[in-house]
Amino acid sequence: IMMNWGVFMPFSRPFWSPSEASAILFDWDGVIAETRLDFSEVHKKYYGDRQAMLLEDSVSLPPDRREALMRDLEELEMLGASVAALVPGISGVLEWVRARGIPWAVVSRNCRGSIMLAARVIEVEMPKIVLSRDDGKYVKPDPRALKETCAHLGVSPSETLLLGDYVYDMMGARRAGMRGVLVRKTIPPDWAPWLECSYTSMDDLCRELTNPSEMTPWEYQLAEREYGRDFLRFVNSTTAHLPLEARPNMGEWLVRAASLGIGTFAVPEGTLSPDLWRANQSFDLSCMGMDLTNAVQNFLDGRYPFAKALTQNDAMSACCLPEDASEIQGYLLASMSAERRGG
C-alpha cells in the first residue's frame, strides 16, 4: 500500500514545522512505549515531600540508599516494560520517519533493560542509537545527552527535533538549542514557558507532519506577539553588521538584534582576543582566542538556532544597525514602515 505522506516544503525562516527536522530524537516511555510508570511511591520513599529529580538528586543520598533507589527504579521499569503497549498513533509517526529516511534515535531516562524488553513486547524495530541512563554520563534534561546523540547521528542540534511527553524533554530541547514537540493529553499550566508546540495525541502530530503548518519558533514568539508576523519576516531577511563597539556589549547587542528576528550577522575579521572577551563576558570562556565569526556562531547556536554568523566577505548587502542595543527596535520598525511606503 502506498501511503500519501504529503509534499515536503520548507517554510521561509524564521518559521518552521516539525516536518522539516533533519533528525528526530524520541523519548521512550509515553512516546513509543506506554508502560504507565508511576514513580510517586519511589519519590516519597527516598525524598519525602521534597521536590527532587529522582536521578539527579540521588547524589544527595547515602551510597546504600542511592543503590536501593536505583534497584527500585529498575524493578518498577522492568515491571512496566513487561506489560508495555504501543502508544496509540506512534506507528504512523514512525512510518513517516522511515518513509522520509530521517535519522532517528531513542533518548530515555529509563534503564536499558526495560527499554529493550518493552521493544520486544510491543514489537518495535529499534534504531541503531538508543541512549538510556546506563549508556553515558548524562541524561535528559542535561543538554549534553542530546548533543552527544546528535553528534552520533551527524546532525546539528538546531536541525533536530526532540519528541517527548514530559517537561524534562522540553527543558532538554531548550537547553540544547533544539526544536521541541510535546505530545500529551493534558498539560500542566506551569509547563507553558518551556513549550514550543504541543499536540494531544500522536495522530494529531502525524496529521501535522503530513500537512504541515507554518509555526513560529519559541525564541521569536515574544517578538511575534508584540510586532506581528510580517515584522518577523521583514527583519529575518536582514543581514546586520556586528559592531565591535556595540553597547552595552556585543553579547547584549546580539541578543537584542536576534530576539527581534535578525537572521544573519556579518562579523568583522579577527579573533575573540582576551581583551575583547573582557569587554564581552557573555561569550563562553572556551571561545577566547577563537575566530570571531565562529565565536559569534557559538554564542547564537543555543539561543537562536536559526541565526547565522558570516564573515563580512561572505555576507551580502549587510546593513548597519545602531551600535546601541536599545535603539535597534526603533530602527527596524522605522525601516519596515519606510519600505512599505516605498521609501
_Residue tally, condition more than 18 Å from Leu76 (Cα to Cα) and of a type in the set (Phe, Trp, Tyr), over the range 9-53_ = 4
*What is the one condition in (1) free of Cβ contacts under 8 Å to residues at least 40 places away in the same chain; (2) of a type in the set (A, V, I, L, M); (3) surrounded by fewer than 19 Cβ atoms within 10 Å (Cβ to Cβ) that Ile102 does not satisfy?*
(1)
_Residue in the range 5-16 that is touching a Gly at 6+ places or on another chain (Cβ under 9 Å), in a loop (DSSP other than H, G, I, E, B) and at pLDDT below 95 present_ = yes
*Entirely in the range 273-343, the helices (runs of 4 or more DSSP H) that have 3 or more residues that are at pLDDT below 95 and loosely packed, with under 15 Cβ neighbours inside 10 Å*: 328-340
_Looking at Ala118 and the list (1) over 23 Å from Gly177 (Cβ atoms); (2) open to solvent by 60 Å² or more (accessible area, probe 1.4 Å); (3) touching a strand residue (DSSP E or B) at 6+ places or on another chain (Cβ under 8 Å), which single condition is not satisfied?_
(2)
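Pick out the one residue from Glu41, Glu56 that is at pLDDT below 95, of a type outside the set (Phe, Trp, Tyr) and farther than 20 Å from Gly172 by Cα.
After ruling out the rest, the residue left standing is Glu41.
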_If I go through the range 65-85 residue by residue, how many of them are part of a helix (DSSP H, G or I), out of contact with any helix residue (DSSP H, G or I) (no Cβ under 6 Å at 6 or more places or on another chain) and not charged (D, E, K, R)?_
7
*asked:* I'd like to verify a number: residues in the range 168-193 that are closer than 21 Å to Ala23 by Cβ and open to solvent by 40 Å² or more (accessible area, probe 1.4 Å), how many?
replied: 2
*Scan Asp64, Asp134, Asp142, Asp72 and give me the residue that is in contact (Cβ under 8 Å) with a residue 12 or more places away in the chain, open to solvent by 80 Å² or more (accessible area, probe 1.4 Å) and not hydrophobic (A, V, I, L, M, F, W, C).*
Asp134
*Assess whether Arg233 counts as being among the charged types (D, E, K, R), over 19 Å from Phe26 (Cβ atoms) and either open to solvent by 30 Å² or more (accessible area, probe 1.4 Å) or at pLDDT 95 or above (or both).*
yes
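The values are calculated or read from the model by the stated rules, or taken from the named source; none is laboratory data. Because the structure is predicted, anything quoted here is derived from the model rather than measured. So basically every Cβ, Gly included, is an ideal-geometry build from the backbone, and we count neighbours across all protein chains shown. The accessibility values were calculated without ligands, DNA or RNA, using every heavy atom of the protein model including side chains. Shrake-Rupley method; radii C 1.70, N 1.55, O 1.52, S 1.80 Å.
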